[in-house]
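Q: Have a look at this one.
The values are calculated or read from the model by the stated rules, or taken from the named source; none is laboratory data. Being a predicted model, the structure only gives us computed values, none of them experimental. Ideal geometry is used to build each Cβ from the backbone, glycine not excepted, and the neighbour counts take in all protein chains shown. Note: areas computed on protein heavy atoms with side chains; ligands, DNA, RNA excluded. Shrake-Rupley method; radii C 1.70, N 1.55, O 1.52, S 1.80 Å.
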Amino acid sequence: MEINPNSQQPTGSSLPTSALGNIQRPGEYLRQIRVAQNKDLGQVSSDLNMPVKTLTALEQDDYKSLPEATFIKGYYRSYAKYLNTDATAIIQRFDEIYANDTGLLPNHALNNSPIKIMGKLPGSNSDRNKKWLKRALLAVVIVAIVSLLVMGVQKWTSKKDDADLPKVNQSNVEVLPMQGSATSTTVGDQLVLNFNRPTSVHIVDATGKVLATGRQSSTLSLNGESPFQIRLDDATAVSLSLNQEQISLSPYTVNGKAEFRLSR
């Protein structure tokens, strides 16, 4: 039996190293079995889900290209099981030659190991919590921004509407006084118009006198002779009375506008 001069033979071992036959190194032993079974390295790599580089290093007993001893033993066990051979003698032989081949302790981790430290698993609770926290903060920021935008638009629209509305107390209606209206006595018939919002009016009495024309928003009291020719651009904005008698405008209203003759 050929003995590797660099190997250290254990004393009192329950399993002799001759279990490997004439092949003294575990990787070479497994390679011989694979070749005898006509199995390609690519096929083994696919079946074991193990890189070809790792399998090659195992078969060549190139321990400096592999991770620490614990992982190498795991590889050997998987490989031996796959080839239907006993892994016990292989592991024992590996223990005998590893220190001599590498000069390393069995727990030494190599920098060029194909197995790298990957950090925390993607599905760890800590990572998931951080991810959800980031999403929650992002959602809060988005909601705040949208709320500010909506408030800004509403404020701008409100200011624009206020600017478009005429002042309630201002009126550009032209009220034409009738002859003799400077006296305290009431002449002819009396029209009173009340407004709930600004609208344009045009009122002419029976004599052809224009009593009022233009836009109005406050109460308007007029004296003249009936019948009156009345035009209201927004009849729903006006309530009208003739000689203190309330007049319904609905019979004269078409598409919101009213144009009619009114007599007592």
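Q: Give the residue, chosen from 134, 120, 160, that is at pLDDT 90 or above and of a type in the set (Lys, Arg).
A: That would be 134, the only listed residue that is at pLDDT 90 or above and of a type in the set (Lys, Arg).
Q: How many residues, within region 236-249, are open to solvent by less than 80 Å² (accessible area, probe 1.4 Å) and without any contact (Cβ under 8 Å) to a residue 12 or more places away in the chain?
A: Going through region 236-249 one residue at a time, the tally reaches 1.
Q: Here's a follow-up. Given 54, 85, which one is modelled with pLDDT of 90 or more, part of a loop (DSSP other than H, G, I, E, B), open to solvent by less than 70 Å² (accessible area, probe 1.4 Å) and not aliphatic (A, V, I, L, M)?
A: Only one candidate qualifies: 85.
Q: Taking the residues in region 206-228 that are closer than 15 Å to residue 188 by Cα and assigned to a strand (DSSP E or B) as candidates, determine which candidate is most open to solvent (accessible area, probe 1.4 Å).
A: Taking the candidates together, the pick is 221.
Q: If I filter region 27-50 for residues that are at pLDDT below 90, open to solvent by 30 Å² or more (accessible area, probe 1.4 Å) and of a type in the set (Val, Ile, Thr), do I get at least one hit?
A: No: zero hits.
Q: Taking region 57-73, which residues are under 48 Å from the mean Cα position of the chain (by Cα), open to solvent by less than 30 Å² (accessible area, probe 1.4 Å) and not hydrophobic (A, V, I, L, M, F, W, C)?
A: Across region 57-73, the qualifying residue is only 67.
Q: Given the structure, is residue 141 at pLDDT 90 or above and either more than 27 Å from the chain's Cα centre (by Cα) or outside any loop (DSSP other than H, G, I, E, B) (or both)?
A: yes
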